[in-house]
Amino acid sequence: MKKVERINTIMRYINNRTHFTISEIMREFNISRSTAIRDIREIEAMGMPLVAEVGRDGGYFVMHNSVLPVVRFTDNEVKALFIAFMATRNQQLPYLRSRQSLAEKLLGLISESQQEELVLLNQILLFEGTNPHNPDLLDLTDLPDPMLEKLIQNLLLDRYLWLTIYDDKGITTFPIYLLHLYHEKGLWLIEGFDLKEEKKRIFPVGLLTNVKPCPTEKRVSKKKMLEKVSQQEEEINLVLELGPKAIAQFKKYHPLKVSISYTNPYQTTAILKTFINVSNHEELTELTNWLLFLGGDIKVREVPEEVLEVLQERLNLFCL
């Protein structure tokens, strides 16, 4: 790590702590005592208000109610931030306008030479979902659901929510404790515990028509709710052994709820354990398609009969 980069990192490390010692700086950044002391003195000279504590267990702390120096980004940090923006630009992410203004502010903080490098990166780097003829083009399908930001704002205040959704059954309102909000296959999905039906539910954010805090009388204690969730956990019914080729395919794409455990230190073999809801035809079809995508470098330990039947149907189609 270069000196300028190290000092910037040490400043952030210090600023996130109420107290630190020279020994901690030495261990954290793998530097000698003399180097640590020189770095601390340079940071003090730059204006960070450090106060030294005398004694065997002494150290430093940042003086309260003091103005801290402006954060500066290294060249690599600027590129990392910019590329992260590029990679997620054409995805259905919330706070799209804020992301755009944040990118503009970032450009205003850096030098002209750094800006030129970012312009060049913008010209040569293309990511999935980007229009190669106009990388800055945003299609209507790239815009996030308008209810997404409202949902997140409510979540930051309270995970007990009162939701209104519109689906094929009409308009429904119910209380829910939101467990997760996640993005999969181009959709934002809500996973929560329905406090009325006392069961876990998953449905798209696109079905939401309104969201507000849940009334106190409709709530269930978190302990009781989590107990019911654990009781309803599905039993694993699909177990696979994955070889290196199947692991490579898994890394390219896998359902959000599915994970693997490596079985050797070289990460060339792994175990996959999950639950397939065979009564849900759509889920059964999608997961069967995904199993075919993994390829032949797998060994089946356990699989539902329904999955084997769907696989056999696919093979019969190939044989026709």
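The values are calculated or read from the model by the stated rules, or taken from the named source; none is laboratory data. As the structure is a prediction and not an experimental result, all values here were calculated from the model. Please note: Cβ atoms are built from the backbone with ideal geometry, for glycine as well, and neighbour counts cover all protein chains shown.
What are the pairs, 6+ residues apart or on separate chains, where a residue within the range 93-118 that is at positive phi has its Cβ under 9 Å from a residue that is acidic (Asp, Glu) and at pLDDT 80 or above?
95/149
Just to be sure before I move on: is residue 14 assigned to a helix (DSSP H, G or I), modelled with pLDDT of 80 or more and within 26 Å of residue 75 (Cβ to Cβ) in the structure I sent?
Judged against the criteria, residue 14 is a match.
Of the residues in the range 53-71, how many are modelled with pLDDT under 80 and surrounded by 12 or more Cβ atoms within 10 Å (Cβ to Cβ)?
4
How do the pairs read when you match residues in the range 211-229 that are under 13 Å from residue 196 (Cβ atoms) with residues anywhere that are of a type in the set (Val, Ile, Thr), using Cβ under 8 Å and keeping only pairs 6 or more apart or on different chains?
214/176
Quick one: is residue 190 crowded, with 16+ Cβ neighbours inside 10 Å and either in contact (Cβ under 8 Å) with a residue 60 or more places away in the chain or within 24 Å of residue 92 (Cα to Cα) (or both)?
For residue 190, the condition - crowded, with 16+ Cβ neighbours inside 10 Å and either in contact (Cβ under 8 Å) with a residue 60 or more places away in the chain or within 24 Å of residue 92 (Cα to Cα) (or both) - is met.
Name the single residue that is farthest from residue 239 (Cα to Cα) among those in the range 266-320 being basic (Lys, Arg) and modelled with pLDDT of 85 or more.
Per the stated criteria, the residue is 299.
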